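Participant: Sharing a structure here in structure tokens format.
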Amino acid sequence: MSTHDTALPAGLAPLLDILPPQAWSREGDEIAPLSADWRGRYRGHSPILFKPSTLDEVKAIVAACHHHKIAITPQGGNTGLVGGSTPQGEVLLSLKRMNQIQAVDPINDSLTCEAGAILETIQNHAAKAHRLFPLSLGSQGSAMIGGLISTNAGGVHVLRYGMMRDLVLGLQAVLPDGSVIDDLSGLRKNNTGYDLKQLLIGAEGTLGVITAATLKLFARPASRAVALLGVATPHNAVDLLARMKELTGGGVCAFELMPWRALELVTQHVPGTRLPFESSHPWCVLMEVTSGEAERAEILMQAGLEDGFERGLIEDGVIAQSQAQMAQFWGLRESIPEGEKAHGKAAKHDISVPVSRMADFLTQVTPKVEAMVPGAQIVAFGHVGDGNAHYNLTRQAPGAEEDFIEACKDATAFIYDQVDHYGGSISAEHGIGILKRQELADRYPERVSVMKAIKATLDPHGIMNPRILL
Ligand SMILES: Cc1cc2nc3c(=O)[nH]c(=O)nc-3n(C[C@H](O)[C@H](O)[C@H](O)COP(=O)(O)OP(=O)(O)OC[C@H]3O[C@@H](n4cnc5c(N)ncnc54)[C@H](O)[C@@H]3O)c2cc1C
């Protein structure tokens, strides 16, 4: 399949006369890299790349596409993990040139920016104003706020601050007919009917193009403590989390669970990584505690760990002694996907269950799944403080990853059945995209039919990301 269709969709030529030349491209070399996803699982093609720099340009593009019934794939940083931003013949609408930070209001605790602003840039602008924008994830150097909002991204601080859905005060968006909803006022209280922004958050580009957002900022913590702990079981980890939440008065802002096997893959395959323990432990927890008071986080962490040792919940533990060591501990966690990739193939499942049922899920479901795929092992790691695990079935296997994923099809269906049984979700934070579209339709037909009714109202010609989500 070519990465560049030569034929321009009928009706778009007059638009190219109106737009400035920097606002579009038909160069294959520019379109090709944006037509494959981050993992290299999806490859597509597009006849034209639009790269507007103003709201008016986005309006003109969307209105013309609506008029001529031409499908659009919006794109931010192209770091999504479910294939939602890969065009398959649609026009590609990149927000990368709309990247301005428009306002930081430390009294209102809010920041307004265009959709193409990169997460790391937003974090830095908030920090300059002595505020915190708490969303934090592995792709923060590339992911853009429009994409993060469209996928309702999560990351490592959801436990304390919530997901993207909780961090947006207002949105500006171009709807599929080219009209605009514009609410960047930054109000915390606004009880005037349906909350339209919440429809667009997590809509994966199917209901319109987000062009700007006003985000919630928070006070910066005055102290921070990070510990790496060895624990015997997931049950101990979850009990420790509950205890730490009580002891710190809600100060736990990250709680990541990792099997020893995952950390071994990191130290084997990722140069410069090492574990601070002398002996092995079945599971490890990476915990971060913060406080608004200087030095308080370290005190709370120390007291919490003493309590955890006394209760037999912790086998071993190290509190980071410097910023560098904090970064080193977080580096171990963030390097798991790299270690896993170097080791072999993985069939990945981004799932969630209630936190109180996570330990049972991990211990009861895992042996059954492993028995279904000989030689494969579950490496389940992630944001257990939010009830979210990246529940990956891994094996060293010849051939393409797609073949291994296909070989795990029955195991995947079983995992999702178990997720349903435990009251969980088949997509915790990555979204549906093209990857889980069929799964969503098969498992939750009632929900999907309500979503389709909303989509038909806002996008009667079905031009916005037509193959995605629904
Ligand atoms: C290394 C790595 C680590 C990650 N870690 C996490 C994690 O911890 N937690 C987590 O939740 N996710 C994680 N992700 C995935 C995460 O979903 C994406 O990083 C991010 O949310 C997508 O932002 P983006 O700008 O790259 O959007 P893209 O990938 O470009 O697009 C994502 C979706 O949003 C749509 N879209 C993009 N921009 C707009 C817009 N302006 N208006 C309307 N629709 C739009 C696209 O059509 C697509 O459907 C990770 C990804 C990587 C590569």
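Participant: Per residue of the range 426-431, in order, report the coupling 6.51 cos²θ - 1.76 cosθ + 1.60 (Karplus, θ = phi - 60°) as ³J(HN,Hα) in whole Hz, putting x for Gly and Pro.
Facilitator: 3J(HN,Hα) across the range 426-431, in whole Hz: 7, 9, 7, 9, 8, x.
Participant: A further question follows. Identify all aspartates and glutamates with a Cα-Cα distance to Lys69 below 13 Å; exclude those on the same chain that are fewer than 8 residues away in sequence.
Facilitator: Straight-line reach from Lys69, under 13 Å: Glu90, Asp177, Asp459.
Participant: Find how much the distance from Lys452 to Ala36 grows on full extension, using 0.36 nm per residue of separation minus their present alpha carbon separation; answer in nm with one decimal.
Facilitator: 147.1 nm
Participant: How many angstrom lie between the C-alpha centres of the range 407-436 and the range 93-137?
Facilitator: 33 Å
Participant: What would the Debye formula give as log10 I(q)/I(0) at q = 0.10, 0.11 Å⁻¹ for the alpha-carbon point model of the range 101-219, no solvent?
Facilitator: -0.26, -0.31
Participant: Are any of the pairs Lys59/Lys409; Lys197/Lys368; Lys51/Lys452 more than 31 Å apart by Cα-Cα distance, and if so, which?
Facilitator: Over 31 Å Cα-Cα: Lys59/Lys409; Lys197/Lys368.
Participant: Moving on to the next point. By DSSP, what percent of the beta bridges with both residues in the range 13-94 are antiparallel, rounded to the nearest 5? Let's see the in-between values first.
Facilitator: Numbers: 3 of 10 bridges.
The antiparallel proportion sits near 30 percent.
Participant: Kindly provide the Kirkwood hydrodynamic radius of the range 1-157 in Å, to one decimal, from all pairs of distinct alpha carbon atoms.
Facilitator: On the way: mean 1/r = 0.0606 Å⁻¹.
Across the range 1-157, the inverse of the average 1/r is 16.5 Å.
Participant: Next up: Computed over the Cα atoms, what is the radius of gyration of the range 13-94 divided by 2.2 N^0.38 Å, N being its residue count?
Facilitator: This ratio for the range 13-94 stands at 1.06.
Participant: Which value in Å is the Kirkwood Rh of the range 159-230 over different Cα pairs?
Facilitator: Averaging 1/r across every pair of different Cα atoms and inverting gives 14.3 Å.
Participant: Any chance you could run the full-extension gain for Glu295 through Ser322? It's 0.36 nm times the residue separation minus the Cα-Cα distance, nm to one decimal.
Facilitator: Working: separation 27, 0.36 × 27 = 9.72 nm, distance 1.29 nm.
The span from Glu295 to Ser322 would gain 8.4 nm if fully extended.
Participant: Using R₀ = 45 Å, calculate the FRET efficiency as 1/(1 + (r/R₀)^6) where r is the Cβ-Cβ separation of Arg188 and Glu338; round to 0.05. All intermediate terms of the calculation are to be shown ahead of the outcome.
Facilitator: On the way: r = 40 Å, r/R0 = 0.88.
After rounding to 0.05, the efficiency reads 0.70.
Participant: Here's something else I'd like to know. Once the piece of chain linking Asp105 and Asp410 is laid out straight, how much longer is it, given 0.36 nm per residue of separation minus the C-alpha distance between them?
Facilitator: Extending this stretch completely gives an extra 104.7 nm.
Participant: Ok, one more. Are there trypsin sites (Lys or Arg not before Pro) in the range 67-175 that DSSP marks as loop and that have at most 11 other Cβ atoms within 10 Å, and which are they?
Facilitator: none
Participant: Suppose R0 equals 30 Å. What FRET efficiency, 1/(1 + (r/R0)^6) with r the Cβ-Cβ distance, do Glu246 and Leu196 give to the nearest 0.05?
Facilitator: 0.20
Participant: Report Rg/Rh for the range 98-144, rounded to two decimals, where Rg is the Cα radius of gyration and Rh the Kirkwood radius.
Facilitator: So for the range 98-144, dividing Rg by the Kirkwood Rh gives 0.95.
Participant: Sticking with this one: What is the Å³ per residue value for the convex hull set by the Cα atoms of the chain?
Facilitator: 151 Å³
Where a number appears in this text, it was derived from the coordinates with a stated rule and is not lab data. Just so we're clear, the structure is a prediction, and the values are computed from it rather than from any experiment. FYI the Cβ positions are ideal-geometry reconstructions off the backbone, even for glycines, and counts take in every protein chain you see.
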